[in-house]
Each structure stands twice: as structure tokens, then as C-alpha cells.
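See structure below.
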Amino acid sequence: MIAAGRVERDDDIERLVAEINAGAWDEANEMVEYDAQSLRSYLDRADTVLVACHETDGASRTLLGIASGRLEAKPYGHERWLYVDEVDVCVDQRRKGAGKAIMEKFFDIGRDAGCAEVWLGTELENDAANALYGSLGPSEREEFVGYAWELTSRLK
């Protein structure tokens with residue numbers, strides 16, 4: 001059975017960190033080594049969301065993927081939304097439904113938190129991600145340009 005669930009601070013964080021660090025990630029995942037203390041600090045924030053997707057078979061479980069996001073509020077009015085930051089599926093576990101299960105869990109979390117929408121972005125050339133997100137019936141699909149600034153190389 002494949003199921004995605006929200007990770008809470010009182011979950012077995014050490015086990016999850018071990019599963020993440022042992023996972024088969026490719027370069028596109030830009031995965032770095034996780035540690036329990038950092039993950040707990042992340043989960044301490046009220047606005048953060050972490051979802052893990054596992055396949056279970058009796059007593060065994062296999063990590064299929066993880067995803068992170070944040071519950072946000074507009075600076076006007078009271079509208080809330082859920083921003084999905086990263087969706088990562090282990091390279092050897094793809095095409096099992098983990099991405100869809102993760103996104104459906106985000107939709108549930110967003111609804112439960114009173115969010116008006118869930119938002120994410122992905123690269124135009126990421127065909128697999130675009131196929132997944134398109135299959136989930138988005139209300140809108142936009143093309144946009146993103147910018148990033150590496151602050152360690154930027155002089156004051």
C-alpha cells in the first residue's frame with residue numbers, strides 16, 4: 001500500500017532521516033544529507049509542512065519520496081495558501097504513484113488549514129513533474145521566469 005502522511009515532530013525522526021539518507025536520489029533532487037536535529041528544528045516552525053510517502057507491505061516499509069512546503073498568508077485580508085517547495089521521489093521508486101499521493105496529501109493539508117489554493121513551480125523542461133502536476137487538474141498553469149541569488153558570492 002502506498003500512503004503519504006504529514007511528518008510531525010513527535011514521529012520517529014531518526015528513522016525517517018535514515019530512510020532519506022539511504023534513499024536513491026539523482027542529481028535533479030539536489031539532496032543533501034539530513035540530520036535529526038535540523039529536521040526537528042524545521043518542524044518546530046508552525047508554518048512548515050513535511051510530507052513523506054511510504055510503500056508498506058506487512059511489517060516492512062520503503063520510503064518513496066518526501067516533500068516540503070509552507071503555509072502562507074497574504075499581506076492583505078486573511079487569505080491563506082500552501083506553497084509546495086520541493087517534491088522529491090527516489091529515482092528507483094518512481095512511477096508508483098508517490099508524487100500523486102504526496103500532492104493529494106498537500107491538497108488535504110491545505111483544505112484543513114483553510115487555504116484558498118496550493119501553489120508550486122517547476123522547471124519547464126521537467127517533463128515528468130509537468131506531466132504529474134498537469135494530470136492533477138490545476139486551475140491555472142503559468143509559464144514564468146524565476147531568479148535566484150547566491151548570497152555567499154554577493155558582496156555588500
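The values are calculated or read from the model by the stated rules, or taken from the named source; none is laboratory data. Bear in mind that the values here come from a model prediction, so they are computed numbers and not experimental data. All Cβ positions, glycine included, derive from the backbone under ideal geometry; neighbour counts span all protein chains shown. Keep in mind that these areas ignore ligands, DNA and RNA; they rest on the heavy atoms of the full protein, side chains included. Shrake-Rupley method; radii C 1.70, N 1.55, O 1.52, S 1.80 Å.
Per-structure values
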read-out: Near-label residues of region 8-31 by backbone N, under 18 Å of a point 7 Å along Cα→Cβ of ARG61; value: 8-24
read-out: Farthest positive-ward along the chain dipole, Cα basis, beta-carbon charges - from ASN126, LEU64, SER139; value: SER139
read-out: Among LYS74, LYS96, LYS105, residue whose mean-square fluctuation peaks in a GNM of the chain (springs only between Cα atoms under 10 Å); value: LYS74
read-out: Taking region 51-156 and dividing mean pair separation by its residue count, relative contact order in percent (alpha carbons under 8 Å, at least six apart); value: 21
read-out: Ratio Rg/Rh, restricted to region 1-56 and using Cα atoms, in which Rh is the Kirkwood radius; value: 0.96
read-out: Kirkwood Rh in Å, taken over the chain so that all alpha-carbon pairs contribute; value: 16.9
read-out: Solvent-accessible surface (1.4 angstrom probe) belonging to ASP108, in square angstrom, nearest 10; value: 60
read-out: Semi-axis lengths (Å, descending) of the ellipsoid that matches the C-alpha gyration tensor of region 81-156; value: 24, 18, 14
read-out: Portion, in percent, of the accessible area of the chain that falls on carbon or sulfur, probe 1.4 Å; value: 47
read-out: Per-peptide average of other Cβ atoms within 10 Å, ordering 60-72, 127-139 highest first; value: 60-72, 127-139
read-out: Charge context of CYS115, other residues only, Cβ under 9 angstrom, K/R +1, D/E -1; value: -2
